[in-house]
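Here the structure is laid out as structure tokens; the discussion comes afterwards.
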Amino acid sequence: MEDRIYNFAAGPSMLADEVLIKIKEELFNYKGSGMSVMEMSHRSKGYLEIFENTKAGLRRLLEIPEDYEILFMHGGATGMFASIPQNLLKGKTADYVITGNFAKKAAQEAEKFGDVHIAYDGKENNYSLIPDENELNFSEDPAYIHICANNTIYGTEWKKFPKVESVPLVVDMSSDILSKPINVSDFGLIYAGAQKNMGIAGFAVAIIRKDLISETDPKVPSIMNYELSLKNDSMLNTPATYPIYVLGKVVEWLEEIGGLKEIEKRNILKAQKLYDFIDNTPFYRPHAQKESRSLMNVTFTTPDPELDAAFAKQATENGLSNLKGHRLVGGLRASIYNAMPLTGVEKLIDFMDRFAKENG
Ligand code: PMP
């Protein structure tokens, strides 16, 4: 492990060493089966045990109530952008709150399937903040309200979710799921692509209130149909067997270290250190406004784009990789998901300090 670097990528992203070690141990011969998990039939007894344990572990970790189902869906979060309106719209309008690029993509995809009402769009502030509740302009009787919990590209995160009364709140938690405890009952549907805090790319997790799964239009493609997925226990066809196994390992790791309260504590500490340093170093300017800052994606710039590029290059040479910001925001972005240790953030701060002194 000693030649591993600190990977600040937005996703796919770092896995905890503990998770990788476990995977390596089990790679060639999973629990005496004589084969790797990758080679197992998804219908085999051995794999079904992994599958059920992963679901049960996720339910324990997130304290998912009995009236919610866990579905493993194909197509990542983008697949969910398309399946959500097809399953939940039912001829009504859906409200979308646009706080960033992925929220916008979700709305654009939904428009292909029915009426979409934009309840808010933060483009004027370049998506640097999360709106106040009174800035959200909901339609009369929406089928659901969609928000993006953490805006990966812009580095903003909802601290308190909007009150929506009886309308199902649908939330994209792709970049902050498992980073802190949440109250699942506040939502109709929570979904996330797996490749950040849930392991590796290849599927999406959907946690959905049971009563929202009903009378699905038979024209909805089977692979996107929540009712069929539930009926077939997420095995309508071959599921993403290995990524689901990796999620199980991530869940085990989180439970071993003390669960979501403990990881939240660690995440707050990491983010606070980094934001404090940025706030106290005029060479760096943060993108997100203070009260909207993400614990997962920290966005900032140096005084000019050439220095941003030099920063990213020199950081890589110092074992700190993937710090270049997304092209929509420019600058730099440090994604500090669950698996990024505090030492990684401390090394980054040391480097930032040196870089500011040399170039300021
Ligand atoms: N939503 C958010 C918040 C994301 O960060 C991403 C990917 N970075 C997506 C959706 C798209 O995810 P996927 O690649 O799994 O479709």
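The values are calculated or read from the model by the stated rules, or taken from the named source; none is laboratory data. The model shown is predicted, which means the values in this text are computed figures rather than measured ones. In this analysis, Cβ positions are derived from the backbone assuming ideal geometry, glycine residues included, and neighbour counts consider all displayed protein chains. For accessibility, only protein heavy atoms count, side chains too; no ligands or nucleic acids. Shrake-Rupley method; radii C 1.70, N 1.55, O 1.52, S 1.80 Å.
Points to keep in mind about this one:
- Enumerated strands (runs of 3 or more DSSP E) restricted to the range 161-239, each holding at least 3 residues that are in contact with a His (Cβ under 9 Å, 6 or more places away or on another chain): 169-172
Let's see how each residue does on (1) open to solvent by 10 Å² or more (accessible area, probe 1.4 Å); (2) within 11 Å of the ligand (Cβ to nearest atom):
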| residue | (1), (2) |
| --- | --- |
| Asp172 | no, yes |
| Gly188 | no, no |
| Ser222 | yes, no |
| Asp233 | yes, no |
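- Residues of the range 200-219 that are open to solvent by 10 Å² or more (accessible area, probe 1.4 Å) and of a type outside the set (Ser, Thr, Tyr): Ile200, Ala201, Gly202, Arg209, Lys210, Asp211, Leu212, Ile213, Glu215, Asp217, Pro218, Lys219.
- Those residues of the range 319-349 which are in contact with a Leu (Cβ under 8 Å, 6 or more places away or on another chain), in contact (Cβ under 8 Å) with a residue 60 or more places away in the chain and not in a loop (DSSP other than H, G, I, E, B), in sequence order: Leu320, Arg333, Ala334, Leu342, Gly344, Val345, Lys347, Leu348, Ile349
- Pairing each residue of the range 302-318 that is in the same structural domain as Arg333 (by TED's automatic domain parsing) with any residue that is acidic (Asp, Glu), provided the two are 6+ apart or on different chains, yields C-beta distances under 8 Å for Thr302/Asp308.
- All positions within the range 320-346 that are touching a strand residue (DSSP E or B) at 6+ places or on another chain (Cβ under 6 Å) and farther than 21 Å from Asn151 by Cβ: Leu320, Ser321, Gly344
- Exclusive hit being part of a helix (DSSP H, G or I), in the same structural domain as Asn151 (by TED's automatic domain parsing) and basic (Lys, Arg), set Lys265, Lys249: Lys249
- If the condition is being at pLDDT 95 or above, within 18 Å of Phe102 (Cβ to Cβ) and open to solvent by 10 Å² or more (accessible area, probe 1.4 Å), then the range 327-336 contributes only Arg333.
- Every residue from the range 95-106 that is of a type in the set (A, V, I, L, M) and either free of Cβ contacts under 8 Å to residues at least 12 places away in the same chain or more than 12 Å from the ligand (Cβ to nearest atom) (or both): Val97, Ile98
- Note on the range 146-166: among residues that are aliphatic (A, V, I, L, M) and either free of Cβ contacts under 8 Å to residues at least 40 places away in the same chain or crowded, with 24+ Cβ neighbours inside 10 Å (or both), the one that is farthest from Leu15 (Cα to Cα) is Val164.
- Number of the exception - Gly79 against (1) in contact with a Phe, Trp or Tyr (Cβ under 8 Å, 6 or more places away or on another chain); (2) closer than 18 Å to Tyr191 by Cβ; (3) not hydroxyl-bearing (Ser, Thr, Tyr): (1)
- Failed item in (1) over 28 Å from Asp233 (Cβ atoms); (2) within 16 Å of the ligand (Cβ to nearest atom), with Ile118 passing the rest: (2)
- Scanning the range 174-186 for residues that are buried (at least 24 other Cβ atoms within 10 Å of the Cβ) and either touching a Lys or Arg at 6+ places or on another chain (Cβ under 7 Å) or at negative phi (or both) returns Ser174, Ser175, Asp176, Ile177, Ser179.
- Test: residue in the range 60-70 that is farther than 30 Å from Val167 by Cβ and away from the ligand (no atom under 16 Å from the Cβ): no
- Screening the range 11-94 for helices (runs of 4 or more DSSP H) wholly inside it with 3 or more residues that are open to solvent by less than 30 Å² (accessible area, probe 1.4 Å) and touching a residue at least 40 places away in the same chain (Cβ under 8 Å) returns the ranges 45-62, 76-88.
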